[in-house]
């Protein structure tokens, strides 16, 4: 039997068991005969964020996604062995509208108000908060969020952020670092890579740096404009 390890959520596998390990793959080198049984067992130890101790197979990437404007859910983790402390990452979402005012001197100011109503051209600010309500740390949590229908991502709202951002042009089927690019046929008939227009990005993924300790929370924000 061969054993390989994934460090990116199951996308690629290799022979290194260096932390963080997110998935393990066992592969038999011979056929499994009728009635034959083959058991595999793994174990791990929790990550202790307070003193910097890192586990091996238990240092998993915790993933989070939001469903609509009402909130999000944490992707379920593999079953925890007895005695380990599981994280529980919950997502809350706040939508606000930019309100632009101009005083008598012509000075322009922008404030935020609850997005109870909005019209074409308005800019909405989405704030997603990831909070670890579990008893163990969540390692490199990810937050995925779709761009609302009828809106366009404001690219400038993600240029100076303190976390990793990835973009999907196909509603989460594939991902690339933000800002995204796409391939098209150029004027000379050959393929060329160009920056993706704002309307092409349909989903965002935020990768928080470092573990999210129990009781801790972090915010990510982005802006969209209503068409």
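Taken together, the values in this text are just the output of simple stated rules run on the coordinates, not laboratory data. Predicted model only: the values in this text are computed from it and were never measured. Cβ coordinates were reconstructed from backbone atoms using ideal geometry, including for glycine residues, and neighbour counts include every protein chain displayed.
Annotations for the structure displayed:
- Relative contact order of segment 76-226, pairs being alpha-carbon contacts under 8 Å that are 6 or more residues apart, as %: 32
- Inter-probe distance in nm under a simple model that places probes 7 Å from Cα toward Cβ, at residue 207 and residue 104: 5.4
- Gain on full stretching of the segment that runs from residue 194 to residue 118 - 0.36 nm per residue minus C-alpha separation: 24.1 nm
- Inter-centroid distance (Cα atoms) of segment 163-195 relative to segment 109-126, Å: 29
- Length released on extending from residue 95 to residue 157, taking residue separation times 0.36 nm less the Cα-Cα span: 20.9 nm
- Cβ-based exposure ranking for 157, 174, in which fewest neighbours within 10 Å come first: 174, 157
- The relative contact order of segment 136-206, computed from alpha carbon pairs under 8 Å that lie at least 6 residues apart in sequence, is 41 percent.
- Overall dimensions of segment 85-227 by Cα: Rg and Dmax, Å: 18.0, 58
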